[in-house]
Each structure stands twice: as C-alpha cells, then as structure tokens.
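Notes to accompany the following structure.
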C-alpha cells in the first residue's frame, strides 16, 4: 500500500462515529453553556477513539474523563482540577486552562481522529 | 484561486474581521502575499495572479472557509443544445463537515445552485435541471476514502499543532464572547477583556509565524 493510500485510509471517520461524537453535544452539560462545546473537543474524540468503557455520552462526567485521560496518557492533571473532587459540579472558571489541555490531548489521537478534530476546530466559528 | 495555506489565512483574517481590526487584516494579507512570493511552487505569472487575488480578500471572503474545500473534481460540459452541465463531487472533507454541523455547510452549495438555476436544491436531491436557463448541476457522491493532493496538503497545514492550539483558544474566546453578548445583562467589561485576549492571541500567533 502506498503512503498516499495509507494516508487516505486513516482520514475516514464513519457516520456512526460522527453520530457518537455529536451525541455528546446534545447533553444538558453542553446545551446549557455552549462555550463548553469549544472546551471539550479532542477529549470527547479520545473517549470514542480509545473506546473507553464507562465514558460514553450516556455516562459523561467531565472531571472523571479528564482524570481517566491523564491516567492513560501519563499526563499531569490541569492545575485548576488538582483539588477538585470527582462529584464536584463543573466550574466554568476552569475552561480557559482546560482548553489548553484539550489541545494537548488532540496530539494523542489516532490519525483519522486528529484530522477530524482539526477540521472541527477550523469549521467552528467559521461556517 | 486558493493556495493550500490561504485557508489558514482566511480563518485568521476572519478572526481579525470579527475583532474589527483592519490593521491586522492588512498585516495578515501582507504576510500571505509574502509567503506566496517566496514559494518555489508557483511560476512568476501565478504569483502575480495570486498576489492580486489576495488584494480582494475582504470580510465576506473570510467567512465560510471550510466549504471552499468541499467541492472536488468539477466537470463542466456543454451539449449541442447549449445546456451547460456542472458536476461537482462532494469531497470527503465536506461529508465530515456536514456530518458535524448538519446541513449548514451544504447550505453554501445550495446558494451556489440557487444563484445559477433560480431554484433551490432539495435536501436529498443530487441533481437539478433548469431548461429555461439551460443549466444542469449535479452533485456526485465521493469515491470512498478519496482525497485530492490539494486536500491532503490543506489537511497537513490545518493539522499543524501551533495552528490547532490557536484555533482551540480562539474558538473558546469567540464562543464565550458570543455567550456573554447574548445574555440578558451583558458584562461589557468582561467582553472587552476577552476581545483583548483574542486580539493578543492572534497577534502572538502572527509574530510566531514571522519568526
């Protein structure tokens, strides 16, 4: 298989996967504050990409997801979350720092999800 | 006419337009012209044409950046009766964007069809024919996993970590400004602070491009 064919293969996201990704954004956590849709982007893709059990749209919990990603990827927890308990409500003051973390997680995605999230970020606020 | 890097610049210019910073718009246009003139990939004639095209980038051009890479392999034919047929293949990127944002991206194609034929393309239609205007437009489904070299280059540029980090931060700031502005009692001071942060972020990114 040529490099080009290999690249092409890795850029394809199925409609089912797009549907899974979208279904996160239908949760009240995101509909009650639209800004959060720009904070949790790559992290949601990560949950689908790595097939994380217990972290899908039906049992989404922002702090638990961030902690899980930190454990798996050996990443440091964002400073703002270091004293947060798992059942604490989300504090929107954390958003600015967590955006940077999300951007970091993007680099840990598989090639096809990296492309998808790159397109998603480009399309947000421009169509 | 678009170079792969133009898409990135259109997004940056769009942010500058939203910030109403026309000086920054000019700086970004000049930077794009500089990149074109230094590129080994274009002939001198192409460079001149591209640099002239950059002059015409304005607020409206900077909108709707993504759909610009949504049409693939256009074919234009005319038959003996004078009917013009334009066939555009929906690209893999377009399919993803439509998937992410429902039909919003497709609306651009719908506008294009309406301008040419005087009739809108229904959601499921793949083809429209207006005998009075002598024009037919078809939307062809993409071949599985098909990306043109141009699209591959665009994707590589878009995926640059520094650009993606800029987009992540800028999208957050833009969304927060929009959320606060639409609230019942907008906090104007906070909105102003966020606008300043957004402008600083763009200027910092531009400085990094230049260094």
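Just so it is clear, none of the values below were taken in a lab; they were calculated from the coordinates. Only a predicted model underlies this, so the values are computations on that prediction, with no experimental measurement involved. Glycine also receives a Cβ, built like all others from the backbone with ideal geometry; neighbour counts cover every protein chain displayed.
Brief remarks on what is shown
- Ordering A:90, A:113 from the fewest to the most neighbouring beta carbons within 10 Å gives A:90, A:113.
- Folded to 0 to 90 degrees: helix A:95-106 orientation relative to chain A principal axis, Cα: 30
- Separation in nanometres of the label points that stand 7 Å from Cα toward Cβ, at residue B:211 and residue A:83: 3.4
- With Cα atoms, 0 to 90° folded angle of helix A:15-25 axis to chain A main axis: 20
- For chain A, the longest principal axis of the alpha carbon atoms and the long axis of helix A:62-73 meet at an angle near 60°.
- GNM on chain A, alpha-carbon springs under 10 angstrom: the most fluctuating residue among A:24, A:104, A:40 is A:104.
- Quotient of Cα Rg and 2.2 N^0.38 Å for chain A, N being how many residues it contains: 1.07
- For the options A:74, A:64, A:114, a Gaussian network treatment of chain A with springs between C-alpha atoms closer than 10 Å singles out A:74 as fluctuating the most.
- Annotation: the residues A:66, B:13, sorted from fewest to most other C-beta atoms within 10 Å of their own C-beta, follow the order A:66, B:13.
- Cβ-based exposure ranking for B:42, A:116, A:101, in which fewest neighbours within 10 Å come first: B:42, A:101, A:116
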